[in-house]
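See below for the structure under consideration.
The values are calculated or read from the model by the stated rules, or taken from the named source; none is laboratory data. Please read these numbers as outputs of a predicted model, since none were measured by experiment. So basically every Cβ, Gly included, is an ideal-geometry build from the backbone, and we count neighbours across all protein chains shown.
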There are 2 protein chains.
Amino acid sequence: MNQDYIIPNEWSIIEEGFNSEKVKSSESLFSIGNGAMGQRANFEENYSGETFQGSYIGGVYYPDKTRVGWWKNGYPEYFAKVLNAPNWIGINVLINEEKLDLNTCKEVSKFKRELNMQEGWLSRDFEAVLQNGIKIKVAAKRFLSLELDEIGAISYTITPLNSDAKITYIPYIDAGITNEDTNWDDQFWDVLKVSQNNQQSYIEARTMKTHFYTCTFMESRLFVDNKEVEVPCKSEQTSNLISCTYQQEIKENETFTIHKFGGYVVDRNHDKDALVSVAKVALDKAVSFGFDVLLEKQKESWAQIWSMSDITIEGDVKAQQGIRFNIFQLNQTYLGTDASLNIGPKGFTGEKYGGSTYWDTEAYCIPFYMATKDQAVARTLLEYRYNHLDKAIENAAKLGFTNGAALYPMVTMNGEECHNEWEITFEEIHRNGAIAFAIYNYHRFTDDYSYIPEKGLEVLIAIARFWQQRATFSSDKNKFMILGVTGPNEYENNINNNFYTNYIAKWCINYALENIEVVKTDHISDYIRIKEKVNFSDEELAKWKSVADDMYFPYSEKHNVYLQQDGFLDKELITVADLDKSQRPINQKWSWDRILRSPYIKQADTLQGFYMFEDDFSTEELERHFDFYEPYTVHESSLSPCVHSIQAAKLDRMDQAYTFYLRTSRLDLDDYNHEVEEGLHITSMAGTWMSIVEGFGGMRVQNNTLSFAPKIPKGWKAYSFKVNFRHQVITVNVSQTGTEFTLEGKESIDILVDGEQVTVSPSK
Amino acid sequence: MNQDYIIPNEWSIIEEGFNSEKVKSSESLFSIGNGAMGQRANFEENYSGETFQGSYIGGVYYPDKTRVGWWKNGYPEYFAKVLNAPNWIGINVLINEEKLDLNTCKEVSKFKRELNMQEGWLSRDFEAVLQNGIKIKVAAKRFLSLELDEIGAISYTITPLNSDAKITYIPYIDAGITNEDTNWDDQFWDVLKVSQNNQQSYIEARTMKTHFYTCTFMESRLFVDNKEVEVPCKSEQTSNLISCTYQQEIKENETFTIHKFGGYVVDRNHDKDALVSVAKVALDKAVSFGFDVLLEKQKESWAQIWSMSDITIEGDVKAQQGIRFNIFQLNQTYLGTDASLNIGPKGFTGEKYGGSTYWDTEAYCIPFYMATKDQAVARTLLEYRYNHLDKAIENAAKLGFTNGAALYPMVTMNGEECHNEWEITFEEIHRNGAIAFAIYNYHRFTDDYSYIPEKGLEVLIAIARFWQQRATFSSDKNKFMILGVTGPNEYENNINNNFYTNYIAKWCINYALENIEVVKTDHISDYIRIKEKVNFSDEELAKWKSVADDMYFPYSEKHNVYLQQDGFLDKELITVADLDKSQRPINQKWSWDRILRSPYIKQADTLQGFYMFEDDFSTEELERHFDFYEPYTVHESSLSPCVHSIQAAKLDRMDQAYTFYLRTSRLDLDDYNHEVEEGLHITSMAGTWMSIVEGFGGMRVQNNTLSFAPKIPKGWKAYSFKVNFRHQVITVNVSQTGTEFTLEGKESIDILVDGEQVTVSPSK
C-alpha cells in the first residue's frame, strides 16, 4: 500500500497535480472499456516519460510458444498473450512547432484527471508552459461507447493563454506497437494495408499466428471556439502508421478543439474482407451523431447499468468510491452480450497473466452478474464452459485421463489450455470444482433447473469422472488421496491432499450422483440422451461413490483443524505479523522456492472451502480455522481479502471485516500489492461486491428463500444494494438502526432476516 | 529397447544395409568429436529423407530467453541452447547432372557404416543405382583430428561401375542452419562475411546475443585413381553459403576422390578479427599433411588414449563393444585440455538439455578421468567449479541466501545458472553436495590435499553455509528439515526431506567443519587467508553443527527403510513389473503430473546415497533398501543402471549386476529409452566405466589403500582395466579363475584384495 493520491469522491476517480512517477499507475486506474475493447489511460499527445501503452481488443490474443528449454508431456502448445492492439487515440500536438510533451514542459499546473464512473468518461485538464514560453490550457475527454461498441471518441481542446499561437493537431493511428511483456524484440502484428478515404484513415492488420483480422480507424473534426471549421488535412503514412496534420492560427484565449473518433472492427463480428467498409459505416454513424450526442448516449447507458448494480455507502466516501470503482470496472470488462468473451483477470487494463478465462469467473464473477443483470448472463457464462466441454475432455485425455473425464483449462481463450506452468496447468485442478459449483450456485439462486438436464449434467459427469480417476488409493492410510496438486494457495505447489481440493472433489462426485438421480426421475428423455451419449454404468458410479466416501482429509488433532495439506505443520510457522515488513510482498521479494517452503498463504484456501460449503461446518469450526490460517495469510492474491471479509463478518468481527473490505475494494486504488502499474485486478472486484452483499448484508439462498443477516461497519451511516432474485428486484437498505427492504414489481416475496421469515411487498 | 541393428564387434560400431528409418539413430551413434568440436554422422552428400543435422562447437551457445508467460523471482535470464553450428562437411554430388541422394536412388546396396573406435574415424561405403541407371560405388571416410583440433578431414571416393560418368563434387560450407529444438523459425547466427582466397573458403559468423565469433572454413583436393588432379573450381556464394563446383569425366571403374578439409576457429582461442587468417594457417597445415598423414596421426593419438583407458572383456563381444563405445565417446567429448570446457550431457551429439555442466561431472565423470588420465585433469575439473564460486554465491544471493552461501547452478556454460525450471533450478539443490563430494573423492583417490587449503575449502564453506541456511526447523518434529526439493529422482518435485539431499547436506557440513580444523592445524597461513576472506565465526560453525546434528530423516518402521521423501508411502505402490509395458517409458507416455504422483523412480536416489556413503551403512541395510526401491525404479535416467549395477555386484547378485551393466553400457547402442535419435548420453558413460571398475572389480580407496573385490559375470572369460593410482598404473585382469595385478613403473604397491593385503611389484 503506497499511494493515497486518488482523491476520495463518491462517483469519480480523481487525481490532481502532475507526478511523472504516478503516470503508469494512473494509466491503469483510469482505464476505460466497453466490454468489446478497452485501453489504459495513456495520454493522447506524445509523452516521453515512463509509460505503459496499452489498448486491447476482446478475444484478440497471440499464442506465445511455450517450448523454451525443457518440455513436459501434456504441456500446452502456447501461452495466450493478451496483445497490445494498434493505437488509435494518439494526437500529437505542436504549439508554434514545439511538441507538447508533459515530460519536457517548463511547467505543468492545474493538472487533473477524472474518471467519471457515473457517466462513463475519462477527462484530463491541465495548463502547461512550453519551452517556447507559450502557456496553454488543455481539456481532453474521451470514452468508449457502450451504444456503438466499436467506437471511441475524444474531444481535445487547447486554449493559448498568453499569446496567439499556431496549433497543430496530428491525429494518427499506429500499428507499430509492441507488448510490454515481450521477449527480445518480437513483433505480433502484420500490417496488411494502410489507407485513406476522404477524411477517414484505416489500418488493416492481422495478428501473427492466430490471424485475427482487424481494422483500426479514425476520423476527426475541428472546431474553433466550438464552431466547426474546415481545416485542410495533410496526410502522411508509413508502412504501419497514418496521420493527418491540421494546422490553425489560434488567438489568445480562443479554443481550438479536435473531435477524434476511432476504434476497431474485427473479423469475429464481420467478414474479414469487409472490415474497411464496416469501419466506414461505424465511423459515419459516430461522426453523424457527433461527440456530444454520443456522450449523452454514454451517460444514458451507464445510468441504466447503475440503476441495477449500484451500491451506496453513506458516511464513508473512500468505501463508496471503492465499491463503485469495482462495479464500474466489472461492467467495463464484461457485459454478457458476447457469448465468446469472458472476464479476463486484468480486463482491458494490462497484459499480465494472459488468457481471458480463469476459475475466477465461476467462483467470483457469476454471483455478481447473476444478481445485478438478468440471470441469462449467468447462464451464458455457464454455457461458455459447456461449449468448451469437448476441449476439456481432450485436455484431460492429453494428461492420460480416459472415458470422457474432463479437465477444464486453468486459463483459456477458446477452450484450449494456454497456461504454461506444470504446477498450475496440470495440478491446480480444483478449478474443475468451481465450474461444477457454479452450476449448483446458478440453480440455487435462480431455481432454473432446466440448465442441468439440458447441458449441465454432462459437465458434472465429465468432472466427476476426472476426480474419480485423479484420486489414488493409499494402502498405507486405507483412504483415497489426491496427490500432487496446487490448491487455491498458489504459494504451495505439488502438495498432497490439499483440503480444499479433496473437499470439492468429494462434493463434485456427490453432486453429480445426486443430479443423475434427479434427471433420471424428472427428465427421463434427457437422461436417456445423456446416458447414451456419455455411457456411464452403475459400476462406474459405484467407483465414484467409493472415492467420495473414502476421501482422505489431513487433520491435526493438536490444533484441531483440517490441515491445508499434508506437510503444512512441518513448515517454520512464523506468522505474518512476525515477518519483517521489508520482506513483503513476498512474491516480489522472495524467490519461488523460499515462498514454497514458507507457511505463507496467498489467498483463502481451507477458508475458501469453508466459504463455499459453509453449511457443512459450524461457526466454531470456522472460527478455529480462521484463527489458525489467517495469521499466515499474506493476501497477495486479489481474491483473498473478499473471502476473509465475508468470513470475518460472519464471525461478527466487524472491524476486521471492514479492514478486509477496504483492502478488497481499494486494492488497486490504494495499490496494496505494489503492482497497480501492471493493470487492475478485475475478477476480484466481483469479490468486493460479495463482501458487501454476502458479508455485511449476509445474503444467502437457503431452500429457495433469499435470506439476510445484515450487519454494518461502525463508521458507516448506511449502505444499500439491489439484487435481482428470480426476476424480482429487491433493494436492501441497511443503516445503524435497522434494515429496509424495497421491492419492485407486483408480487410480494418471503425472505429470511436473521433467520426469521419476513414478507416484503412491492410497496415497503 | 528397440534396435539391434548395430553389429557386434570388439572395436567398431558397424551398421550394414541402408534403412532410412534408422538414419537419425545412426547419426547419433556414429557421431564423432575431438573435445573441441563434434558432429552427428550426417551424410556428406544431400539427403532428402528424415535427418537431424548437427555440428557443434565446444563452448558456443545461445541464451534462449526464458520469459515466456509467467515469471518467478530468481529465475535465470536464459536457457543455454546448444547451438547447431555452420555445416562444413557438405559435399553435393552429381552423377551426369543427377543429384546423389540415398532417399531417391533406384537401389542402394552394400551399405556399411563403421565407426572405428580404435583409430578414431567414421566410414561409409555403399553402392547405388541412380534414376539415370548409373551405378556407382561410394567410399567416404572422415575424422575430427585430435592432433589439430580445429580441423576435420573427409575422403570421399566415387567409382562408376557400369559406365563412364561425368561426376560433379560441390563441397560447400553453409551457415544457413537452424536448431532442431527451435521455436517457430528463430535464427541464431548472424553471418558476417562469406569469402574466398585461392582454394580456401570461409564464412565468418557470430552467434546472436552471445556474440561468439567463429570462422568456418574448407579447402579441397581432387584425385583420379589416387593421383592428384587439378580440376578448375567454379565458385558460388550466397549470403550464408559458399561452394566450389568441380566437374570431371570419369571412366568406368576409375576412382574420383575428393579430400575435403574443414572446421572451425573461434574467438575463445583467437582474436576475433584474425579468424580468417588463423583459419588459413590451420587449413594450410592440414592440407600440407594431407588426408593420409592426418589419419595416421589420428590413429596414433587414439592409440595413446586407449593405452591407458581401454577395458577389455573376453567372451562377450556385445559387452566389449559397449564399454569401448562408452570410453570412446567420453574421450571424444572431453580431454581435459581446455579448462573452460566441461562434459555436456549429450556431448557433441545433440541439442537436448542445453548447457554443458551438470552434477554429472562431479558424481560420475571425475572418477573416470581421475583414473584414466593424469590426476591433473580431475583437478582441472575441480578448479572449474572454484572458478565459478563467485557466480554460485551470486546465484544463491538471488534466491535470498546471504553471507557467502553458494548454490552452484544445475546447468551452466560459464558459472551462471541457465536452466529454467524452478523445480530443478531452485530445488534440485543436492547438486551442491556432489561438488563437495568430488573434492573429498579427489583427495581420497589422489592423496593430494593441497587443493583443499588452496581452493577447495572456500567452496566447502560456501556450500555448508548454503545448507545451514536452507534447512528449516520444524517445531512439530523438533528437527531440521529440508523442504521443497527435487532429489536425484527428478520424477518427484518439490518434496520434503529427500533422504539423499538431507544426507548429503549433513555430510557437507561435517566435511567442511572437519577440513576447517585440518587446514587450521596443518595450513595455518591458508587458514588465516580464508578466514579473513570469508569471515566465519565460531557461532556460525556452531549453527552449522546443530543443523547437521539434528537433521531429520524420514524412516518407515513398517518397512524398515529410510523413505525417499516424506510422502513416498502415500503413493499407489505398484511395482514396475506390474505396470503395463505399453505405459513405458513413462516420460514419453505420461503427463508430468501423473509421473509425479506415481512411485516410479527415474534413477537411484536413496541408493545413490548408499553408493556415495557406503561405509555408513551395512550390507544388510543396502540389501533392504535395494529390495524396497529397485522394484519402483524405471531407470529412465541414463545415470541409473550404473549405480544399480555397482550395488547389485556388491550384493553378489551378479546376474542382475550384469543386466544393469548391459543396460548402462549399451543404453544408446540398444536404445533402451527410445530416444537415441536425440543424441547420446555422454556423462552416464563414465558410470559404465564405474560399473566395471567399482562394480565388478570392486575397486575402492580405503585409508589410502587401493582395494579390490573382483567378481566376474558368469558369461565372461575375463576382463581387464587399468587405473592410474597416485602416478602408479596398475592393470587388473580378472578371469573366472582368479585375478592378476600388473604394475608399471619401478615401485611396488600394497593393495587390498577381498580385504587381504597384497603387495604388487612392477613385475607381476
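Taken together, A:Asn253, A:Asn269, A:Asn179 contain a single residue that is surrounded by fewer than 17 Cβ atoms within 10 Å (Cβ to Cβ) and either of a type in the set (Ser, Thr, Tyr) or under 20 Å from A:Trp88 (Cβ atoms) (or both), which is A:Asn269. Tell me whether region B:73-87 contains one or more residues that are at positive phi, more than 14 Å from every other protein chain (Cβ to nearest Cβ) and not in a strand (DSSP E or B). So far as region B:73-87 goes, no, none of its residues is at positive phi, more than 14 Å from every other protein chain (Cβ to nearest Cβ) and not in a strand (DSSP E or B).
All conditions but one from (1) buried (at least 17 other Cβ atoms within 10 Å of the Cβ); (2) in a loop (DSSP other than H, G, I, E, B) apply to A:Lys714; the one that does not is (1).
Do you know which of the residues in region B:301-332 that are in contact with a strand residue (DSSP E or B) (Cβ under 6 Å, 6 or more places away or on another chain) and buried (at least 19 other Cβ atoms within 10 Å of the Cβ) is nearest to B:Ile712 (Cα to Cα)? Checked region B:301-332; the qualifying residue nearest to B:Ile712 (Cα to Cα) is B:Ile313.
Applying the condition of being buried (at least 23 other Cβ atoms within 10 Å of the Cβ) and β-branched (Val, Ile, Thr) to region B:1-56 and asking which residue is farthest from B:Lys299 (Cα to Cα) yields B:Ile6. Looking only at region A:635-650, decide whether some residue is in contact (Cβ under 8 Å) with a residue 12 or more places away in the chain, among the hydroxyl-bearing types (Ser, Thr, Tyr), in contact with a Leu (Cβ under 7 Å, 6 or more places away or on another chain) and buried (at least 17 other Cβ atoms within 10 Å of the Cβ). Yes, because at least one residue in region A:635-650 is in contact (Cβ under 8 Å) with a residue 12 or more places away in the chain, among the hydroxyl-bearing types (Ser, Thr, Tyr), in contact with a Leu (Cβ under 7 Å, 6 or more places away or on another chain) and buried (at least 17 other Cβ atoms within 10 Å of the Cβ). On the stretch given as region A:620-668, residues that are more than 19 Å from the chain's Cα centre (by Cα) and part of a loop (DSSP other than H, G, I, E, B) total 4. Looking across region A:410-457 at every residue that is assigned to a loop (DSSP other than H, G, I, E, B) and either touching a His at 6+ places or on another chain (Cβ under 7 Å) or among the aromatic types (Phe, Trp, Tyr) (or both), the one that is farthest from the other protein chains (Cβ to nearest Cβ) is identified as A:Tyr449.
Put simply, of B:Ser201, B:Ser195, B:Ser155, B:Ser145 the only residue that is surrounded by fewer than 20 Cβ atoms within 10 Å (Cβ to Cβ) and modelled with pLDDT of 95 or more is B:Ser195. Across region A:729-752, the number of residues qualifying as over 32 Å from the mean Cα position of the chain (by Cα), more than 15 Å from A:Ser763 (Cα to Cα) and small (Gly, Ala, Ser) comes to 1.
Among the residues making up region A:347-381, those that are hydrophobic (A, V, I, L, M, F, W, C) and over 11 Å from the mean Cα position of the chain (by Cα) are A:Trp359, A:Ala363, A:Ile366, A:Phe368, A:Met370, A:Ala371, A:Ala376, A:Val377, A:Ala378, A:Leu381. In summary, helices (runs of 4 or more DSSP H) completely within region A:506-614 and bearing 2 or more residues that are hydroxyl-bearing (Ser, Thr, Tyr) and under 34 Å from the mean Cα position of the chain (by Cα) occur at A:606-612.
Checking each residue in region A:433-489 for being of a type in the set (Asp, Glu) and either at negative phi or modelled with pLDDT under 95 (or both) picks out A:Asp448, A:Glu454, A:Glu458, A:Asp476.
Scanning region A:100-112 for residues that are over 13 Å from A:Ala140 (Cβ atoms), buried (at least 17 other Cβ atoms within 10 Å of the Cβ) and in contact (Cβ under 8 Å) with a residue 40 or more places away in the chain yields A:Asp101, A:Val108.
Condition check: more than 26 Å from B:Phe610 (Cβ to Cβ) and in contact (Cβ under 8 Å) with a residue 40 or more places away in the chain. Does B:Ile495 satisfy that? Taking the combined requirement at face value, the residue does not satisfy it. Taken over region A:111-138, the residue count meeting the criterion of being part of a strand (DSSP E or B), under 32 Å from the mean Cα position of the chain (by Cα) and of a type in the set (Asp, Glu) is 2. Show the residue pairs meeting these rules: Cβ distance below 6 Å; 6+ apart or different chains; first residue within region B:563-585 and more than 19 Å from A:Phe473 (Cα to Cα); second residue of a type in the set (A, V, I, L, M) and surrounded by fewer than 22 Cβ atoms within 10 Å (Cβ to Cβ). Taking only residues 6 or more apart or on different chains, not a single pair turns up. The number of residues in region A:333-376 being among the polar types (S, T, N, Q), more than 28 Å from A:Ile313 (Cβ to Cβ) and crowded, with 24+ Cβ neighbours inside 10 Å comes to 3.
Of all residues in region A:476-491, those satisfying the criterion of being within 7 Å of chain B (Cβ to nearest Cβ) and in a loop (DSSP other than H, G, I, E, B) are A:Asp476, A:Lys477, A:Leu483, A:Gly484. The single condition from (1) surrounded by fewer than 19 Cβ atoms within 10 Å (Cβ to Cβ); (2) within 9 Å of chain B (Cβ to nearest Cβ); (3) within 30 Å of A:Tyr511 (Cα to Cα) that A:Lys558 fails is (3). The residue that is nearest to the other protein chains (Cβ to nearest Cβ), among those in region B:158-176 that are assigned to a loop (DSSP other than H, G, I, E, B) and surrounded by fewer than 20 Cβ atoms within 10 Å (Cβ to Cβ), is B:Gly176. Here B:Ile463 fits the description: away from chain A (no Cβ under 14 Å), surrounded by 24 or more Cβ atoms within 10 Å (Cβ to Cβ) and either of a type outside the set (Phe, Trp, Tyr) or touching a Leu at 6+ places or on another chain (Cβ under 9 Å) (or both).
Against the definition (of a type outside the set (D, E, K, R), farther than 30 Å from A:Ile323 by Cβ and surrounded by fewer than 21 Cβ atoms within 10 Å (Cβ to Cβ)), how does A:Asn132 come out, yes or no? Yes; evaluated as a whole, the condition is true for this residue.
Scanning region A:100-110 for residues being outside any strand (DSSP E or B), charged (D, E, K, R) and touching a strand residue (DSSP E or B) at 6+ places or on another chain (Cβ under 8 Å) gives a total of 1. When B:Asn703 is tested against (1) within 28 Å of the chain's Cα centre (by Cα); (2) at positive phi, only condition (1) is not met. Each residue in region A:669-686 was checked for being surrounded by fewer than 24 Cβ atoms within 10 Å (Cβ to Cβ) and either assigned to a helix (DSSP H, G or I) or hydroxyl-bearing (Ser, Thr, Tyr) (or both), and 3 pass.
Across region A:566-584, the number of residues qualifying as crowded, with 17+ Cβ neighbours inside 10 Å, more than 10 Å from chain B (Cβ to nearest Cβ) and out of contact with any helix residue (DSSP H, G or I) (no Cβ under 7 Å at 6 or more places or on another chain) comes to 1. Name every residue in region A:236-250 that is exposed (fewer than 14 other Cβ atoms within 10 Å of the Cβ) and more than 22 Å from A:Asp190 (Cα to Cα), in order of residue number. The answer is A:Glu249, and nothing else.
In region A:184-196, the condition of being in a strand (DSSP E or B), within 16 Å of A:Ile91 (Cα to Cα) and not acidic (Asp, Glu) is met by no residue.
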